[in-house]
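The values are calculated or read from the model by the stated rules, or taken from the named source; none is laboratory data. As the structure is a prediction and not an experimental result, all values here were calculated from the model. Every residue, glycine among them, receives a Cβ derived from its backbone with ideal geometry; neighbour counts consider all protein chains shown.
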């Protein structure tokens, strides 16, 4: 069933839904080559929204959360996929969460660190993806360690290794992929955060647009759509939110 005409006008005012897809988040999306179409959970959700609105879709592919925020707030995209974070709330209107993703620390096998509490100490340097959800979180929480920023999540482990840093922080799935390519690394024993993944749009689009997008996500989480998308794309370790969070 198509959403109402007002919803289409609010969410796709040009007549095309312009969706920003961040392939820097390995859980949500990927692109197999620079000329290939994006694939993944966020792509499936955006396509479902376009079907509900009764409009065609265009994808704007970026490689970091910061680029995604910029694309939505400068009007190049209508909607995006973001981790809910208070520092973004001034410009981005978030829906409820539809997915939980875990942030973890990785260290070398020879590291003396055995628990998360070992990370926030003077002299410890932690690689993070610039303006990612875990960068924003750790920027608030870390008091003594130094955060060293890579341009995107895929560059975190290479930076950690090349610069001889002490810790790499990131989404578990991306770090697991990196560890396959770089033996001799291990996770610390517990996650340091849960990332609440949502959709969002520019706050200047107004309450009606934000409400329409929120209603769509609420409808989505009332079904098994996200769980099926995770299964179809072979994503483990992320948890669908069964009701609006």
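Return the total of residues in the range 1-39 being surrounded by 12 or more Cβ atoms within 10 Å (Cβ to Cβ), modelled with pLDDT under 95, out of contact with any helix residue (DSSP H, G or I) (no Cβ under 6 Å at 6 or more places or on another chain) and under 30 Å from residue 170 (Cα atoms). Matching residues across the range 1-39 total 4. Condition first: part of a helix (DSSP H, G or I), surrounded by 14 or more Cβ atoms within 10 Å (Cβ to Cβ) and within 20 Å of the chain's Cα centre (by Cα). Can you find one or more residues in the range 180-201 that meet it? No, the range 180-201 has no match at all.
The C-beta contact set for the range 211-230 (first residue in contact (Cβ under 8 Å) with a residue 12 or more places away in the chain, second residue surrounded by fewer than 22 Cβ atoms within 10 Å (Cβ to Cβ) and in a helix (DSSP H, G or I), distance under 7 angstrom, 6+ apart or interchain) comprises 212/7; 216/52; 225/48; 229/44.
The residue list 118, 144, 109, 78 contains one member that is on the phi < 0 side of the Ramachandran plot, touching a residue at least 12 places away in the same chain (Cβ under 8 Å) and out of contact with any strand residue (DSSP E or B) (no Cβ under 9 Å at 6 or more places or on another chain), which is 144. From the residues in the range 213-240 that are on the phi < 0 side of the Ramachandran plot and part of a loop (DSSP other than H, G, I, E, B), which one is surrounded by the most Cβ atoms within 10 Å (Cβ to Cβ)? In this case the residue turns out to be 238. Within the set of pairs 6+ apart or on separate chains, which have a first residue in the range 149-165 that is on the phi < 0 side of the Ramachandran plot and in a loop (DSSP other than H, G, I, E, B), a second that is surrounded by 22 or more Cβ atoms within 10 Å (Cβ to Cβ) and modelled with pLDDT of 95 or more, and C-beta atoms under 7 Å apart? Matching pairs, first to second residue: 165/126; 165/127. Residue under question is residue 98, and the condition is that it be buried (at least 18 other Cβ atoms within 10 Å of the Cβ), within 19 Å of residue 213 (Cβ to Cβ) and in contact with a helix residue (DSSP H, G or I) (Cβ under 8 Å, 6 or more places away or on another chain); does it hold? Against the criterion (buried (at least 18 other Cβ atoms within 10 Å of the Cβ), within 19 Å of residue 213 (Cβ to Cβ) and in contact with a helix residue (DSSP H, G or I) (Cβ under 8 Å, 6 or more places away or on another chain)), residue 98 qualifies.
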